[in-house]
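Asks: Dropping the structure in here first, questions after.
Bear in mind these aren't lab numbers, they're just calculated from the coordinates by the rules spelled out. Bear in mind the structure is a predicted one, so any value in this text is a computation, not a measurement. Note that each Cβ is placed from the backbone with ideal geometry, even for glycine, and that neighbours are counted across all protein chains shown.
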Amino acid sequence: MKLFRSKRICIVSLVILVNTVTLIVKTHREFLLADDVENHLSDVRDFYEVPDQLVNNNSSSIEKDYLSALPDFERNGGGLVVFYHVAKTGGSTIRSLFQKVSHEKPSQFSYRRISSPFRDELEDSTNIDSSDGEMCLPPGIYPQWPTKVHGQFQRLLSNNFNEESKEKTTLLEIHGGSPGLRELLPLIKEWREMSKSNNKPFFAFTTIREPVSYAKSYFKQFHLNCEHDWCEQDKYEDATEENLLMSTQPNRQCFLLNHASSVAGMKKRFYEKCKVTEDDCKDILKAMEDNLDWIGTTERLSKDTIPLLLRMFGFAYDDVSTKNKTIGRNEKVSEKLPYEKSLDESKVLALSPFDQAMYARIKSEYTLSDDIL
């Protein structure tokens with residue numbers, strides 16, 4: 001599985017990368033001060049680490065090598081699929097797929113979701129400083145779950161479960177509260193090593209979303225007339241551009257990747273206390289590239305991520321179709337609110353430059369050819 005990660009930059013040409021960088025800068029020129037444009041261009045180049053020379057590679061061959069190396073969970077049972085679900089990036093569609101697969105093949109697959117939402121009493125009684133590099137957010141209501149789950153998977157992967165369950169592949173969704181992916185990656189790495197030592201298949205992935213689309217979707221779900229305990233604390237009755245911009249936290253996807261898959265009751269003050277830096281976003285991106293098998297985008301969920309998963313699970317695309325919405329509640333196109341038709345997207349982009357750079361890079365490196373699957 002390391003083949004694709006080590007050669008991922010070969011999947012697309014430098015021309016695509018340069019065009020993406022150019023598009024970002026062109027968009028930003030509309031709202032950045034003239035003195036800031038060149039600095040911003042430099043930051044984007046640094047974030048991308050764009051090579052100086054184009055190396056000719058057969059990207060189709062690299063893609064085929066990657067696909068041929070994918071684990072086969074249908075023939076090799078008892079494995080583990082780990083999905084870190086960042087809120088509003090298409091995770092509900094993946095969850096529907098996991099549930100559908102486990103329902104259709106209950107003897108081979110088992111779906112499980114783990115969450116640890118925040119609670120006021122925990123946040124109020126916990127004084128954790130992020131300056132020492134330790135976990136910034138307080139633990140969720142189930143802080144012991146990583147250790148508990150680790151022990152369970154260790155027994156599962158070692159075939160110490162009963163005969164009925166030992167060959168089942170676990171489809172694990174991590175969503176809601178803490179810890180974040182930054183804290184979980186060492187555990188995911190250990191699960192991978194455990195799987196390998198027990199000759200079991202393993203696959204870990206996450207998804208991210210284009211920042212403007214993300215901000216609009218997040219606003220509708222977590223801020224606009226939201227009355228659930230997992231909502232954001234600042235709520236709005238009116239869907240306006242002003243309220244959207246007020247609700248948008250800078251680089252929120254980077255924050256959720258680092259600290260928590262979903263706010264799940266988190267107090268707003270932790271956004272400032274645990275504010276992510278450019279280095280935080282670069283570090284989590286590198287860590288994901290080094291430790292995850294795939295990073296999908298919401299915009300290409302039905303073209304890349306879902307077909308990849310179906311291939312590994314032994315399903316034909318039409319067996320679990322996204323076209324008829326058998327899965328994919330979040331793939332439907334919702335009607336635009338009035339403010340969206342005249343939204344100044346540059347203002348949204350200005351709030352999350354690190355999310356934007358991360359998305360553009362992942363879109364370039366993790367996009368498969370439309371006819372490859």
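Asks: With the dipole of the stretch 80-123 worked out from charges on the C-beta (+1 for Lys and Arg, -1 for Asp and Glu) around the Cα centre, which of THR93, SER116, HIS103 lies farthest toward the positive end?
Replies: Projecting each Cα onto the dipole axis, the largest value belongs to HIS103.
Asks: Sort 102-110, 208-216 for me by packing, meaning the mean count of neighbouring Cβ atoms within 10 Å per residue, highest on top.
Replies: Order by mean packing, descending: 208-216, 102-110.
Asks: Which order, highest average first, do 174-184, 336-346 follow once you tally other Cβ atoms within 10 Å for each residue and take the mean per peptide?
Replies: Highest to lowest by the protection proxy: 174-184, 336-346.
Asks: For the ranges 233-241, 277-285, what's the packing order if you count other beta-carbon atoms within 10 Å of each residue, average per peptide, and put the highest first? Walk me through the numbers on the way to the answer.
Replies: Details: 233-241: 13.6, 277-285: 17.1.
The packing order, highest mean first, is 277-285, 233-241.
Asks: Here is the link list: LYS267/LYS336; LYS148/LYS200; LYS303/LYS336; LYS196/LYS363; LYS64/LYS282; LYS148/LYS363. Which ones come out longer than 25 Å on Cα distance?
Replies: Details: LYS267/LYS336 29 Å; LYS148/LYS200 20 Å; LYS303/LYS336 23 Å; LYS196/LYS363 29 Å; LYS64/LYS282 28 Å; LYS148/LYS363 35 Å.
From LYS267/LYS336; LYS148/LYS200; LYS303/LYS336; LYS196/LYS363; LYS64/LYS282; LYS148/LYS363, over 25 Å: LYS267/LYS336; LYS196/LYS363; LYS64/LYS282; LYS148/LYS363.
Asks: State the extension gain, in nm to one decimal, for the chain segment bounded by GLN144 and HIS228, taking 0.36 nm per residue of separation less the distance between their alpha-carbons.
Replies: 27.8 nm
Asks: Turning to a different aspect of this structure: I want the local charge near THR207. Using Cβ-Cβ distances under 11 Å, sum +1 for each Lys or Arg and -1 for each Asp or Glu among the other residues.
Replies: Once positives and negatives cancel, what remains is +1.
Asks: Using the basic label-point model (7 angstrom from Cα toward the beta carbon), what is the ARG113 to ASP344 distance in nanometres?
Replies: Computed distance between label sites ARG113 and ASP344 equals 3.8 nm.
Asks: Also: Amide H of LYS168 versus every other amide H placed in the peptide plane: which residues, excluding those fewer than 5 positions away on the same chain, fall under 5 Å?
Replies: GLY78
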